[in-house]
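Note sheet for the following structure.
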Amino acid sequence: MSTTRKKRRLNNGAAEESDAKGLPPAFPGSALSSATPADKSRWQGFCEIDSDPAYFSVMLEEFGVRGIRVREVYSLDADILAFLPRPIHGLIFLFKYRADDATKQEASCPDHVWFANQTHDQACATVALLNIVNNIDGADLGEHLQSFRDFTDDFTPALRGDAIGSFEFVKNVHNSFARKMDMLNIDLARQNAYDDRNKKRKKPTAAAKSKGSKKKGVITDDDYDEEENGYHFIAFVPIGNEVWKMDGLERQPVKLGTLGSDEESDWLSLVLVDLGERMAQFEANDINFNLLACVQDPLVGLHQQLREQTRAIQAVEKKLDEDRPRGWRRDDSNQEADIEIELAGDDNENTGDDQFSTRFEQRIHDAGADGEALFKLRQALLGERRDTLAAVAGEEAEAQLDRDKAAERRHDFGPLIHAWLRMLAEKEGVVKSLIEETS
């Protein structure tokens with residue numbers, strides 16, 4: 001969401017004036033041409049990001065975050081939520097912005113909570129993502145984000161927000177979705193907002209004067225304009241046994257509650273209450289919201305399962321060799337070749353941990369030294385491993401579809417559409433007939 005639409009500002013007027021005066025010059029070339037990577041890198045703004053799990057997953061991947069993907073949440077029903085991969089690290093909620101009661105916010109950001117304000121227009125998607133991943137205990141953030149997390153650890157939320165705007169690595173990933181016309185429209189909107197603020201400063205209204213007497217921290221209808229406000233991303237995050245709402249347009253995070261020791265895995269119950277109240281503010285036929293979940297990448301569990309199955313098969317084969325040295329392999333040459341190929345492809349994922357789960361250990365123990373039982377167990381384990389490999393292939397294919405979808409979104413089709421329309425216009429009567437057919 002554009003922070004210029006929020007009247008209760010996070011940064012002061014002088015900073016806003018500097019931003020407006022510092023708008024970049026017009027891009028070289030035609031406004032209808034595609035923005036080059038250099039154009040996007042020089043641009044001082046942030047583009048809007050659609051609420052699509054594929055785009056958010058690709059952004060996390062390009063940030064360097066490993067083991068986390070984004071999935072869409074289609075319903076708040078418990079049976080539907082059960083299909084989401086676990087654990088769920090956080091939720092990203094898109095809604096038409098309405099300010100919350102500021103008295104619910106913390107007096108200051110707790111030391112164990114990493115929270116950043118949104119101090120740059122249209123940056124709410126990236127701010128929401130960072131407010132989640134920077135609070136996941138043990139997350140693999142990658143070199144760049146981990147350095148940023150460590151560097152900003154002692155910052156205030158406002159300074160962290162400013163640091164995000166200055167972090168070229170993250171900004172370039174975010175703005176890879178920008179198109180030339182989007183960038184020009186955002187700059188034009190900023191210029192218009194700057195001009196409007198100057199006019200209001202020169203002619204203060206009675207309503208503006210009366211705002212100075214409003215009780216501090218109390219939200220009224222004057223704090224936002226329903227028509228002007230755009231869509232905005234906020235985050236919900238479990239941190240320890242606490243659940244937090246993180247809205248970059250609020251000065252501090254909001255603690256939704258504390259979970260008991262028997263409810264640590266059910267942090268969603270607190271969030272669903274808050275989400276239900278927010279959704280109830282809209283009319284039944286007015287769907288002004290969308291929900292995404294940051295979850296553990298299923299490939300993490302599948303790769304671990306694959307390693308355990310491989311080690312279990314190796315353990316069974318070792319016992320078979322002791323019982324019937326190499327003799328059993330003559331009856332199973334095809335499957336032996338398969339497993340050797342698969343094991344070779346798994347070497348680069350070996351974590352050095354040669355143990356496997358108790359479940360596999362118990363099955364091997366139950367087979368004992370019975371050669372026939374061990375042979376059947378090996379056959380079963382090979383089948384299970386093939387199923388796991390198929391699941392891995394499916395998840396990898398889905399991840400590739402996300403990358404393809406993001407690449408398509410990043411491509412600017414504007415010049416192509418303009419050229420096509422120009423060619424139609426050059427043919428006398430074609431455009432007119434098309435308009436008449438559709439009217």
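The values are calculated or read from the model by the stated rules, or taken from the named source; none is laboratory data. Owing to the predicted nature of the structure, the values given are computational and were not obtained by experimental measurement. Cβ: placed from backbone, ideal geometry, glycine included. Neighbour counts: every protein chain shown.
With the structure loaded, tell me whether Arg179 is modelled with pLDDT under 95 and either among the charged types (D, E, K, R) or more than 27 Å from Asp50 (Cβ to Cβ) (or both) or whether it fails that test.
For Arg179, the condition - modelled with pLDDT under 95 and either among the charged types (D, E, K, R) or more than 27 Å from Asp50 (Cβ to Cβ) (or both) - is met.
When you look at Arg160, is it loosely packed, with under 15 Cβ neighbours inside 10 Å and on the phi < 0 side of the Ramachandran plot, yes or no?
No, not satisfied.
Residues that are modelled with pLDDT under 85, β-branched (Val, Ile, Thr) and outside any helix (DSSP H, G or I): does region 346-353 have at least one?
For region 346-353, residues modelled with pLDDT under 85, β-branched (Val, Ile, Thr) and outside any helix (DSSP H, G or I): present.
Taking only region 135-175 into account, find how many residues are within 26 Å of Val243 (Cβ to Cβ), part of a helix (DSSP H, G or I) and in contact with a Cys (Cβ under 8 Å, 6 or more places away or on another chain).
Selection size over region 135-175: 1.
Out of curiosity, is Ala380 part of a helix (DSSP H, G or I), in contact with a strand residue (DSSP E or B) (Cβ under 8 Å, 6 or more places away or on another chain) and modelled with pLDDT of 85 or more?
Answer is no for this residue.
So if I check each of Ile49, Ile92, which one is in contact (Cβ under 8 Å) with a residue 60 or more places away in the chain, part of a strand (DSSP E or B) and touching a helix residue (DSSP H, G or I) at 6+ places or on another chain (Cβ under 9 Å)?
It is Ile92.
Are any of the residues in region 332-342 modelled with pLDDT of 70 or more and either of a type outside the set (Ser, Thr, Tyr) or at positive phi (or both)?
For region 332-342, residues modelled with pLDDT of 70 or more and either of a type outside the set (Ser, Thr, Tyr) or at positive phi (or both): absent.
Using beta carbons and a limit of 6 Å, which pairs, at least six apart or on different chains, have the first residue in region 167-190 and without any contact (Cβ under 8 Å) to a residue 60 or more places away in the chain and outside the structural domain of Lys40 (by TED's automatic domain parsing) and the second one surrounded by fewer than 19 Cβ atoms within 10 Å (Cβ to Cβ) and of a type in the set (Ser, Thr, Tyr)?
Matching pairs, first to second residue: none at all.
So, of the residues in region 406-420 that are among the hydrophobic types (A, V, I, L, M, F, W, C) and out of contact with any helix residue (DSSP H, G or I) (no Cβ under 8 Å at 6 or more places or on another chain), which turns out to be nearest to Lys180 (Cα to Cα)?
Checking each candidate, the answer is Phe413.
I'm told Ser147 meets every condition in (1) surrounded by 18 or more Cβ atoms within 10 Å (Cβ to Cβ); (2) within 20 Å of the chain's Cα centre (by Cα); (3) at negative phi except one. Can you identify the failing condition by its number?
The failed condition is (1).
Based on this model, can you work out whether Ala391 counts as farther than 30 Å from Gln309 by Cβ, within 41 Å of the chain's Cα centre (by Cα) and either not in a helix (DSSP H, G or I) or not basic (Lys, Arg) (or both)?
Judged against the criteria, Ala391 is not a match.
So in region 357-377, with the set limited to residues that are assigned to a helix (DSSP H, G or I) and of a type in the set (Gly, Ala, Ser), which one is farthest from the chain's Cα centre (by Cα)?
Among them, the one singled out is Gly371.
Would you point out the residue of region 96-127, among those that are in a helix (DSSP H, G or I) and either β-branched (Val, Ile, Thr) or crowded, with 23+ Cβ neighbours inside 10 Å (or both), that is modelled with the lowest pLDDT?
Thr103
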